[in-house]
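Following: one structure in structure tokens, then a few remarks.
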Amino acid sequence: MELAYYSDLAVRLVNSEEPIRGTDTLTSVEAVRALFGESRQAARRATDSDVTRLRSVRARLRAVFEAAAGGDEVLAVDLLNALLIEFPVSPQISGHETRDDDGRPKWHMHIADYAANAGSGYAATASMGLAFHLTELGADRLGICEAAPCRNAYLDTSTNRSRRYCSDRCATRANVAAYRARKRLDAERSAGAERSRRQDREPTGRTADTAQETSPAMDR
């Protein structure tokens with residue numbers, strides 16, 4: 001398995017809940033097993049207790065993303081280190097069944113966990129994957145979607161570190177909202193300018209009073 005897969009486990013767990021919208025898909029053993037994706041063997045160990053266990057880890061991983069997105073990378077690292085200490089892993093060299101043109105295994109690092117339960121195993125691999133991502137690419141690559149009310153976590157893999165949203169859908173929604181806000185502002189400015197022009201064209205009260213005062217003098 002590759003680094004990207006492990007770090008994606010953290011994103012997948014965090015985004016199983018949308019706090020602002022009040023939604024939570026991590027409510028059953030089946031939901032826990034779905035988080036594992038291709039790791040079906042690990043998913044088979046899941047029990048009801050892993051729902052509560054992973055919800056706790058989810059809140060802690062979200063705190064890592066929020067600290068990184070807020071520019072406090074020291075806090076993000078501290079929070080992540082606490083998870084790594086609590087949920088350790090054992091790195092192993094693996095070749096699986098993938099071979100190169102010469103028939104040799106393509107050796108790579110594999111994160112193996114020996115946790116007593118599925119939830120702890122998931123937490124261990126997700127935390128280690130996120131740690132690799134942070135140290136290799138930088139804490140500023142951990143983001144929280146800016147398209148309210150989404151607030152999903154994401155990993156920025158763009159070449160210029162410019163990603164601000166968790167998905168194209170959120171990016172489109174944010175751009176449309178910004179466009180409409182600009183149109184409203186332009187309309188308000190135009191209306192204000194029109195009111196000013198009308199006021200400039202209207203006679204002032206002082207001019208009208210002066211005209212009334214001078215009329216009797218002209219009659220005399």
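Tabulated results
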| item | result |
| --- | --- |
| 3J(HN,Hα) from dihedral phi, the range 26-41, Karplus parametrisation 6.51/-1.76/1.60, rounded to Hz, x for glycine, proline | 8, 10, 8, 4, 4, 5, 4, 5, 5, 5, 5, x, 6, 7, 5, 5 |
| Apportionment of accessible area to carbon and sulfur, the range 102-151, percent (1.4 Å) | 56 |
| Net +/- balance of residues flanking L80 in space, Cβ distance below 15 Å, scoring K and R +1, D and E -1 | -3 |
| Carbon plus sulfur fraction of accessible area for the range 23-74, probe 1.4 Å, in percent | 48 |
| For the range 99-144, accessible area per residue (1.4 Å probe, heavy atoms of protein chains only), Å² | 49 |
| Among A118, L142, C170 the positive-end extreme of the charge dipole of the range 105-176 (Cβ point charges) | C170 |
| Computed lengthening from E30 to A59, 0.36 nm per intervening residue step minus Cα-Cα distance | 8.5 nm |
| Restricting the range 105-170 to chymotrypsin sites (Phe, Trp or Tyr not before Pro) in coil, as DSSP defines it, with at most 10 other Cβ within 10 Å | Y114 |
| Qualifying trypsin sites (Lys or Arg not before Pro) in the range 1-105, DSSP loop, other Cβ atoms within 10 Å at most 11 | R21, R44 |
| Cα-centre dipole for the range 1-139 with unit charges at Cβ (Lys and Arg positive, Asp and Glu negative), debye to 20 | 420 |
| Nearest-0.05 FRET efficiency for Q199 and A148, computed from C-beta distance (R0 25 Å) | 0.05 |
| Qualifying GluC sites (Glu not before Pro) in the range 81-159, DSSP loop, other Cβ atoms within 10 Å at most 13 | E97 |
| Per-pair calculated FRET efficiency, R0 = 30 Å: T172 and I93 via Cβ, rounded to 0.05 | 0.10 |
| Segment L84-R21, extension gain: residue separation times 0.36 nm, minus the distance between their alpha carbons | 19.7 nm |
| R0 of 22 Å, Cβ-Cβ distance H108-R44: FRET efficiency to nearest 0.05 | 0.35 |
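The values are calculated or read from the model by the stated rules, or taken from the named source; none is laboratory data. Just so you know, these numbers come straight off a predicted model, no measurement behind them. Cβ atoms come from the backbone with ideal geometry, glycine included; neighbour counts cover every protein chain shown. The protein model used for the area step is the full one, side chains on, heavy atoms only, and it has no ligands, DNA or RNA in it. Shrake-Rupley method; radii C 1.70, N 1.55, O 1.52, S 1.80 Å.
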